[in-house]
Amino acid sequence: MLYILTQFSDGGDLFNLFRYITFRAGAAFFTALIFGFLFGRPLINLLRRKQGKGQPIRDDGPASHFSKAGTPTMGGLLILSALVVSTLLWARLDTPYVWIVLLVTLGFGLIGFADDYAKVTKQNTKGVSGRVRMLLGLMIAALAAYAAARFHPEALTNQLALPLFKDALLNLGWFFVPFGMIVVVGAANAVNLTDGLDGLAIGPVMIAAGTFGAIAYVVGNVNFADYLGVHSVPGTGELLVFSAALIGGGLGFLWYNAPPAAVFMGDTGSLALGGALGAIAVCTKHEIVLAIVGGLFVVEALSVIIQVAYFKRTGRRVFLMAPIHHHFEKKGWAEPQIVIRFWIISLILALIGLATLKVR
């Protein structure tokens, strides 16, 4: 929104700064961060008053989690509010990719909010039917993938870019939209499964957001994209502003979510942020890189799939408990130990993902 002030610039004044994506990304970060600090405590107090008993705790979960009873959920509202306000203020709103990612984020946020609301009001862990959540998520993802394909450069439309083979493109044709749906919905649900310990999900989400913000900036700049040998997608550079706002909002939330958490992110935040990462990957043509950068989320999701499939087939479990972070809890790892180690893994994977930009 504030980009409009550049029309008053003569090229050598303060308003000229608004032309630079990096300046607006920095401003978006601090806007979201300050928003989180200002409104975090009032929102938590409101959620505590409205929710009473807070988020219900799984009966079959680790015993240490019962001490968290009464902690309010839907803390994702703080992240989403900071993210949306900051993005609308600092991003160029004439860029379709910004709107695609924003609408995916808000759409999945609404699904998560409905699920959290059902859990809190009914005081059980079931929430909204999994089938309903999946159907709504697929509908949102389908619209996003179709829109992204329409705005991609003609040479990249319906194409899958391969990160280690810069000149290779795989033409998915009509299957690109279903593929994009899988990426977005898969990312949303993988982050949702990761959100099981205080601070566990938000750290890797911010790391992935920073990584994809950098990728979006490079891909959106023709000169940088040509130098690094990646496919250019003009306009995606504005997603750096979105990513910076996500990191700022995430840090503001983490201030209150650090152990012991004063508020849980809930599905409101985890589904929205996961969907956002998937949407950015589709827009920037880096879907495969998301599987690397978000490898921790992939492992968390796979641990659940493997556990369920193996148990149905044999009646036995592969892990002491799934998702896999609960397995390590059962083995005696302290919660902060798991969180910090998973953050380290996420950072390593992010660096590997960034390295693919330079591999020729």
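In region 64-116, which residues are without any contact (Cβ under 8 Å) to a residue 24 or more places away in the chain and among the aromatic types (F, W, Y)?
Selection gives F66, W99.
How many residues, within region 191-214, are within 23 Å of T71 (Cβ to Cβ), in a helix (DSSP H, G or I) and of a type in the set (G, A, S)?
Number of matching residues: 1.
Inspect region 70-81 for any residue being surrounded by fewer than 16 Cβ atoms within 10 Å (Cβ to Cβ) and out of contact with any helix residue (DSSP H, G or I) (no Cβ under 6 Å at 6 or more places or on another chain) and give the result as yes or no.
yes
Going by what's in this entry, would G274 be described as buried (at least 24 other Cβ atoms within 10 Å of the Cβ), closer than 18 Å to L38 by Cα and of a type outside the set (A, V, I, L, M, F, W, C)?
The answer is no for G274.
Looking only at region 69-93, count how many residues are touching an Asp or Glu at 6+ places or on another chain (Cβ under 8 Å) and not in a loop (DSSP other than H, G, I, E, B).
Looking only at that region, the number is 1.
Report yes if some residue within region 325-332 is without any contact (Cβ under 8 Å) to a residue 24 or more places away in the chain and part of a helix (DSSP H, G or I); otherwise report no.
Yes, region 325-332 contains at least one residue that is without any contact (Cβ under 8 Å) to a residue 24 or more places away in the chain and part of a helix (DSSP H, G or I).
Please find, among A187, A201, the residue that is under 26 Å from P234 (Cβ atoms), open to solvent by less than 40 Å² (accessible area, probe 1.4 Å) and at pLDDT 95 or above.
Exactly one residue qualifies, and that residue is A187.
Quick check on region 277-322: of everything there that is outside any loop (DSSP other than H, G, I, E, B) and among the hydroxyl-bearing types (S, T, Y), which residue is most open to solvent (accessible area, probe 1.4 Å)?
My answer is Y310.
Inspect region 341-350 for any residue being closer than 30 Å to L170 by Cα, within 17 Å of the chain's Cα centre (by Cα) and among the aromatic types (F, W, Y) and give the result as yes or no.
Among the residues of region 341-350, not one is closer than 30 Å to L170 by Cα, within 17 Å of the chain's Cα centre (by Cα) and among the aromatic types (F, W, Y), which makes the answer no.
Residues of region 94-106 being crowded, with 23+ Cβ neighbours inside 10 Å and either of a type outside the set (A, V, I, L, M) or not in a helix (DSSP H, G or I) (or both), which ones?
Hits for region 94-106 are Y97, T105.
The values are calculated or read from the model by the stated rules, or taken from the named source; none is laboratory data. Bear in mind that the values here come from a model prediction, so they are computed numbers and not experimental data. Neighbour counts run over all protein chains shown; Cβ positions are idealised from the backbone, glycine included. To get the accessible areas, we keep the full protein, side chains included, count just its heavy atoms, and leave off ligands, DNA and RNA. Shrake-Rupley method; radii C 1.70, N 1.55, O 1.52, S 1.80 Å.
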